[in-house]
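Participant: Submitted below is the structure of interest, expressed as structure tokens.
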Amino acid sequence: MQRIKVWDPLVRLFHWSLVLAFAANALVIDDDSKLHQWVGYGIIGLVLLRILWGFAGSHYARFASFPPSLEGAREQLIDIATHRSRVHVGHTPLGAWMIYNLLLALLVLCLSGYLMTTDMFWGVEWPEEVHEAAVTWTEVSVVLHILAVIHESRRTGVNLPRAMIRGYKDIPSK
């Protein structure tokens with residue numbers, strides 16, 4: 001087993017704080033409450049911090065270490081279909097696409113939520129429609145992300161949730 005330090009403390013804190021904040025706003029907190037708005041502000045703050053960290057953070061946190069790649073995603077899908085187990089130290093190509101998807105979805109979600117609170121867009125329907133669509137898209141994406149993490153953990157033998165807690169991946173020796 002090879003142990004590799006992958007996720008720095010900021011990435012892990014961002015990830016689990018976002019999990020708690022999004023789950024609270026989506027599942028627990030009343031949509032019309034001030035707390036819902038404040039948690040939304042917290043989420044946008046987390047997302048903006050993560051975007052900055054994507055340029056200034058540690059190696060595996062940087063966007064340059066996981067650029068969106070259609071070819072990489074295709075290769076990973078072939079690996080899955082052919083039961084070939086290729087371990088990626090940082091984000092997998094499909095994982096990279098999911099990260100970019102979630103960051104964009106959360107930006108749209110937070111911006112549309114904010115617009116609904118402004119005088120300019122008070123009572124206007126489209127920001128609420130965009131917000132509701134972004135909530136649905138983000139929730140579906142989160143479920144797909146969780147299922148993919150479970151599947152990839154089993155397929156590759158690398159416990160991905162544990163890595164996001166501890167910061168390092170235990171990669172099986174060949």
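The values are calculated or read from the model by the stated rules, or taken from the named source; none is laboratory data. Computed from a predicted structure; not experimentally measured. Because the Cβ atoms are built from the backbone with ideal geometry, glycine has one as well, and the counts that use them run over all protein chains shown.
Participant: Exactly one condition in (1) under 18 Å from the mean Cα position of the chain (by Cα); (2) surrounded by fewer than 16 Cβ atoms within 10 Å (Cβ to Cβ); (3) without any contact (Cβ under 8 Å) to a residue 40 or more places away in the chain is not met by Trp126; state its number.
Facilitator: (1)
Participant: Next up: Give the number of residues within region 74-89 that are more than 20 Å from Ser58 (Cβ to Cβ) and not in a helix (DSSP H, G or I).
Facilitator: So the answer is 5.
Participant: Those residues that are touching a residue at least 24 places away in the same chain (Cβ under 8 Å), in contact with a helix residue (DSSP H, G or I) (Cβ under 6 Å, 6 or more places away or on another chain) and part of a helix (DSSP H, G or I), I need them from region 153-174; list them, please.
Facilitator: Met164
Participant: Being closer than 19 Å to Tyr114 by Cα and over 20 Å from the mean Cα position of the chain (by Cα), is that true of even one residue in region 15-25?
Facilitator: no
Participant: Quick check on region 1-39: of everything there that is within 29 Å of Arg62 (Cβ to Cβ) and of a type in the set (S, T, N, Q), which residue is modelled with the lowest pLDDT?
Facilitator: Gln2
Participant: Something else: So Ile146 clears everything in (1) touching a residue at least 40 places away in the same chain (Cβ under 8 Å); (2) under 27 Å from Leu27 (Cβ atoms) except one condition, right? Which one?
Facilitator: It is condition (1) that Ile146 fails.
Participant: Then there is this: Identify, from the list Thr92, Thr82, the residue that is among the hydroxyl-bearing types (Ser, Thr, Tyr) and crowded, with 18+ Cβ neighbours inside 10 Å.
Facilitator: On the way: Thr82 fails: crowded, with 18+ Cβ neighbours inside 10 Å.
Exactly one of Thr92, Thr82 is among the hydroxyl-bearing types (Ser, Thr, Tyr) and crowded, with 18+ Cβ neighbours inside 10 Å, namely Thr92.
Let's see how each residue does on (1) acidic (Asp, Glu); (2) touching a helix residue (DSSP H, G or I) at 6+ places or on another chain (Cβ under 7 Å); (3) assigned to a helix (DSSP H, G or I); (4) more than 30 Å from His131 (Cβ to Cβ):
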{"position": "His15", "(1), (2), (3), (4)": "no, yes, yes, no"}
{"position": "Leu20", "(1), (2), (3), (4)": "no, no, yes, no"}
{"position": "Ala23", "(1), (2), (3), (4)": "no, no, yes, no"}
{"position": "Asp31", "(1), (2), (3), (4)": "yes, no, no, no"}
{"position": "His36", "(1), (2), (3), (4)": "no, yes, yes, no"}
{"position": "Gly45", "(1), (2), (3), (4)": "no, no, yes, no"}
{"position": "Arg50", "(1), (2), (3), (4)": "no, yes, yes, no"}
{"position": "Gly72", "(1), (2), (3), (4)": "no, yes, yes, yes"}
{"position": "His91", "(1), (2), (3), (4)": "no, yes, no, no"}
